[in-house]
C-alpha cells in the first residue's frame, strides 16, 4: 500500500485531500495481515465495541454520515438508533474484516469523486446540529474527517500492538 502525506501540489485542496487519504490508508494498513478472529477481539474492558472491525465500520459510517447526510442532505440510513447509537460497531462483529476494509476503500473512492466535483466553499445541505444556525462547508467536513480518522488511527495503533505487537504509523 502506498501512503504519503506529501501532496502533489501545495494548494489547499491537495493538502486536505492528501491528508485525508493518508489517514484512511493508515487505517487500512493497520488491518493488514491481521488474523480474522483478532479483528473482532475487544481488549479494553471498558470498551467492548472497540475492535479493529468496529473501528473500520465506524470510519465507514462516519464518512457516510458527513458526505451523504450532512453535505448532500440525504436521509440518514445509518445503522445507529437512539437505543443503540454505536450499532455500526456492534454489527461489524459479524462481518469479516477483509469485507469491511473493502467496503471502506470503495466508499472512500466514491467520496473522493464527490469532493473533486465540489468547491471547498460549498455549503452542506444540513446544519451541524439542531441548534446550530450555520451549515458547514466542504472544507470543514474534510478537516473534521481528517481529525476523526486520525483519532481512531490512534485507537487502531493501540489495539494492533496489544493483539500481535505490531507497531508503526
- Item | Net length gained if the chain between residue 105 and residue 33 were fully extended (0.36 nm per residue, minus Cα distance) | 24.3 nm
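What ranking do 50-57, 98-105, 118-125 get when scored by the average of other Cβ atoms within 10 Å per residue, highest first? Don't jump to the answer; show the numbers that get you there.
Details: 50-57: 25.4, 98-105: 16.0, 118-125: 13.4.
The most tightly packed comes first, giving 50-57, 98-105, 118-125.
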- Between residue 169 and residue 98, what FRET efficiency comes out of the Förster formula 1/(1 + (r/R0)^6) with R0 = 22 Å and r the beta carbon distance, rounded to 0.05? 0.50
- Given the options 58, 152, 135, state which has the largest fluctuation in a GNM of the chain using a 10 Å cut-off (strictly under) for Cα springs. 135
- Task: Report, in degrees rounded to the nearest 10, the 0 to 90 angle that the Cα long axis of helix 12-29 makes with the longest principal axis of the chain.
- Result: 20
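Order these by the 10 Å Cβ neighbour count, fewest first: 29, 89.
Numbers: 29 17, 89 24.
Fewest to most other Cβ atoms nearby, the residues stand as 29, 89.
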- Could you tell me what % of all Cα pairs in segment 1-105 have separations over 25 Å? 29
- Which residue, 148, 63, 32, tops the fluctuation ranking in a GNM of the chain built on C-alpha contacts under 10 Å? 32
- Percent of alpha carbon pairs in segment 25-164 separated by more than 27 Å? 24
- Query: In 5 Å bins starting at 0, how do the alpha-carbon pair distances of segment 82-129 split up by percent?
  - Reply: 4, 15, 15, 16, 17, 17, 13, 3
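Going by how many other beta carbons lie within 10 Å of each one, how would you line up 146, 91, fewest first? It would help to have the intermediate numbers written out before the result.
Working: 146 19, 91 16.
So the residues, fewest neighbours to most, are 91, 146.
Full-extension gain between residue 150 and residue 90, please, as 0.36 nm times their residue separation minus the C-alpha to C-alpha distance.
Working it through step by step, the gained length comes to 19.5 nm.
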- Query: Each label point is 7 Å from the Cα along the Cα-to-Cβ direction; what then is the distance between the points at residue 14 and residue 161, in nm?
  - Reply: 3.4
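Values quoted throughout were computed directly from the atomic coordinates according to the rules given, and no laboratory measurement underlies them. Small disclaimer: the values here were computed from a predicted structure and weren't measured. Don't worry about glycine lacking a Cβ; one is built from the backbone with ideal geometry, like all the others, and counts go over all protein chains shown.
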